[in-house]
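Trainee: Structure below; questions to follow.
Read the figures in this text as sums done on the coordinates, not as results from a lab. The shown structure was predicted, so the numbers you read here are calculated from the model rather than taken from an experiment. We place every Cβ from the backbone using ideal geometry, glycine too, and count neighbours over all the protein chains shown.
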Amino acid sequence: MDAHEQILASAPSPKNEPENREQHNARQAAVFSGEGVNSFTQPLPDEVEERLKRIAAMARSCGSRTLDVGTGTGVLAGMYGGEVVGVDVSEDMLDAAPQYDGVEYWCGDIVDYASEKPFDSAVFNACFGNVYDQTESLAAAAANVKPGGSVFATHPLGANFVRELKEKDDTVVRHEMPRSLEEAQAMAPPFLRAFELVDSDDFYSMRWMREPYADMDKLHLRGPVAQGYGRGSKKLGFPTANLPETLFADQAIIQDLQAGVYIGFAQLRGQIYTAVSNIGYSPTFEGAENPTKIVEAYLCDYSSSDGDFYDEQLDLLLVGYLRPEKKFSGVEALVDAISNDVEMAKHLLKQPQFAHLSVSHPALAPLSSDSPKTVAKYYPE
Ligand code: RBF
Ligand code: MG
């Protein structure tokens, strides 16, 4: 009997199909417990170990922070190196997982997992057939991945092996793997792009990439830089130029905009800066949130020797949406997120579809004496 047959024999299928996620997850946890755990703590055949290392290396090439979904006894979690969070619905499997350096475990369904710090990649290894709903699981994993990061669904024994498991007991393995990029795209949320499929006899890997940003009509905002809320954005290391809240209080343009982080360019005293703007309430500062939705911009490469910017006319041209505004558990997590935003913005704004705007877009042209003092409009008009 192979490991999977042993598992199925130890937890015979219920008469009725699970009707909901809770029942399904309870069944998964029951199957992957007791005897089911033991079969996963046996040494792996060399060739399987090699393929797992290949999967770990693919994820690792995305960056140092990996979300390992269906981590089981942590076999793959221990191979990535860097920072890893392993998620699994089976407490017993996680109990049997060794404590590796940099690896943390979280017991539950990926659908309920929300990390404060985004991951460079998420991997569903040998579990993408087992989830209750592939689309929801994929969306939940992707939401925990950085813009530009990747989500993988992999199997070191290939997609036909998953099909066979499903044929044996589809209450444990509910789904097959997507076998084409079209199929993989169809099950993905809009901000994930099916990117690469390797589907050979003894190895399977599907890779989706999270879109680095969402396109938007270009939004031009102009106004005099206002004082902030004294929460010390300078202390955070990311001083921001705020536009006056009164400017947009009754402007549908701002009120209709999703609270979140936007990339673009800024013009101040005729100088152009790449800019990362937060439009929202700063919910992390509970009790000291912005009373109304405000626009604040961090100007990359602005140096304090460029002088104070209060009351100066600021032009902002927002060209892409990065992420929703979030309530972080503390300042440290917020600063990490802002650092990621800035890194991503600098990278994106150098790309050809954006770079030329900094020299050619009319919204960023130097001001003249008859320029309007405030502007809020979309291009093309
Ligand atoms: N504040 C939040 O509470 N949540 C956020 O997700 C958030 N993202 C931001 C992203 C960027 C790029 C910047 C510049 C600021 C962000 N802020 C966010 C606002 C931050 O709380 C604010 O700049 C300081 O509190 C100073 O007013
Ligand atoms: Mg500010």
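Trainee: Quick one: putting +1 on the C-beta of Lys and Arg, -1 on the C-beta of Asp and Glu, what dipole do you get for the chain around its Cα centre, in Debye to the nearest 20?
Mentor: Details: 32 positive and 57 negative charges, 255 e Å.
Computed charge dipole of the chain: roughly 1220 debye.
Trainee: Sort out for me the Cα centre separation of the stretch 186-220 from the stretch 79-101, rounded to whole Å.
Mentor: 26 Å
Trainee: Find the centroid of the Cα atoms in the stretch 301-330 and in the stretch 351-381, then give the distance between the two in whole Å.
Mentor: One Cα centre to the other: 16 Å.
Trainee: Calculate I(q)/I(0) for the stretch 206-319 by the Debye formula, one identical point scatterer on each C-alpha and no solvent, and give its log10 at q = 0.10, 0.22 Å⁻¹ to two decimals.
Mentor: Calculated log10 I(q)/I(0) at the listed q: -0.30, -1.36.
Trainee: Positive end of the dipole of the stretch 134-208, charges at C-beta (+1 Lys, Arg; -1 Asp, Glu), about the Cα centre: which of N144, S200, P178 has its Cα farthest in that direction?
Mentor: Checking the options against the dipole of the stretch 134-208, the answer is N144.
Trainee: Find the relative contact order for the stretch 158-296 and round it to a whole percent, using C-alpha pairs within less than 8 Å whose residues are 6+ positions apart. Walk me through the intermediate numbers first.
Mentor: Details: 180 pairs, mean separation 19.5, N = 139.
So the answer I get is 14 percent.
Trainee: Where does helix 331-349 land angle-wise versus the long Cα axis of the chain, in degrees 0 to 90, nearest 10?
Mentor: The answer is roughly 80 degrees.
Trainee: Related question: Please rank W208, W106, fewest neighbouring Cβ atoms within 10 Å first, as an exposure proxy.
Mentor: Numbers: W208 28, W106 15.
If I rank by nearby Cβ atoms, fewest first, I get W106, W208.
Trainee: Turning to a different aspect of this structure: Set the bar at 22 Å for Cα to Cα. Now go through K146/K350; K235/K327; K53/K350 and name every pair that lies beyond it. Don't skip to the answer; put the middle values down first.
Mentor: On the way: K146/K350 18 Å; K235/K327 19 Å; K53/K350 34 Å.
Over 22 Å apart, Cα to Cα: K53/K350.
Trainee: What is the order of C300, C62, fewest Cβ neighbours within 10 Å to most?
Mentor: With the sparsest Cβ surroundings first, the list reads C300, C62.
Trainee: Now for a separate question. To the nearest 20 debye, what is the magnitude of the charge dipole of the stretch 271-381 about its Cα centre, counting +1 on the Cβ of each Lys and Arg and -1 on the Cβ of each Asp and Glu? Spell out each step's value before the answer.
Mentor: Details: 8 positive and 16 negative charges, 89 e Å.
The calculated dipole for the stretch 271-381 is roughly 420 debye.
Trainee: 222 nm [θ] for the chain, helices only, -39500 (n - 2.57) per DSSP H run of 4+, per residue, to 500? Before the final figure, lay out the partial values.
Mentor: Values: 15 runs with 113 residues, N = 381.
Roughly -7500 deg cm²/dmol at 222 nm, from the helical runs in the chain.
Trainee: Quick one: compute the contact order of the stretch 219-366, relative version, from alpha carbon pairs under 8 angstrom and 6+ residues apart, as a percent. Display every interim value, and only then the final one.
Mentor: Details: 274 pairs, mean separation 45.6, N = 148.
Worked out over the stretch 219-366, it gives 31 percent.
Trainee: May I ask you to order 45-58, 309-322 by the average number of other C-beta atoms within 10 Å around their residues, highest value first? Mind showing how you got there, number by number?
Mentor: Working: 45-58: 15.4, 309-322: 20.0.
By packing density, highest mean first, the sequence is 309-322, 45-58.
Trainee: List L236, L257 from most exposed to least, where exposure is judged by having the fewest other Cβ atoms within 10 Å. Please report the intermediate quantities before stating the final value.
Mentor: On the way: L236 15, L257 19.
Ascending Cβ contact count within 10 Å gives the list L236, L257.
Trainee: Take every Cα-Cα distance within the chain, group them into 20 Å bins from 0 onward, and report for each bin the whole-number percent of pairs it holds.
Mentor: 26, 45, 24, 4, 0
Trainee: Right, something else. What FRET efficiency do you get for Q23 and A57 if R0 is 41 Å and r is their Cβ-Cβ distance, rounded to the nearest 0.05? Present the calculation step by step, with values, prior to reporting the outcome.
Mentor: Details: r = 37 Å, r/R0 = 0.89.
The calculated FRET efficiency here is 0.65.
Trainee: Here's something else I'd like to know. Would you calculate the convex hull of the Cα atoms in the stretch 138-217 and tell me its volume per residue in Å³? If you can, show how the numbers build up before the last one.
Mentor: Numbers: hull volume 7.7 nm³, N = 80.
So the per-residue hull volume is 97 Å³.
Trainee: Name the residue farthest towards the positive end of the dipole of the stretch 20-107 from the options A59, A29, G74, assuming +1 on Cβ of Lys and Arg, -1 on Cβ of Asp and Glu, about the Cα centre.
Mentor: Looking along the dipole axis, the top candidate is A59.
Trainee: Quick one: pull the percentage of alpha-carbon pairs in the stretch 62-110 with a separation above 17 Å.
Mentor: Values: 230 of 1176 pairs.
In whole percent, the share of Cα-Cα pairs in the stretch 62-110 beyond 17 Å is 20.
Trainee: Next question. Name all residues of the stretch 266-292 having a backbone nitrogen under 13 Å from the label point set 7 Å from the Cα of L236 along its Cα→Cβ direction, giving them as ranges.
Mentor: Backbone N within reach: 276-286, 288-290.
Trainee: Right, something else. Got the relative contact order for the stretch 23-100 handy, in percent, Cα pairs under 8 Å and 6 or more residues apart? Kindly include the intermediate steps, with their values, before the conclusion.
Mentor: Working: 90 pairs, mean separation 27.6, N = 78.
For the stretch 23-100, the relative contact order is 35 percent.
Trainee: Let me ask something else. Could you tell me how many degrees, from 0 to 90 and to the nearest 10, lie between the Cα long axis of helix 46-60 and the main elongation axis, the longest principal axis, of the Cα atoms of the chain?
Mentor: 10 degrees
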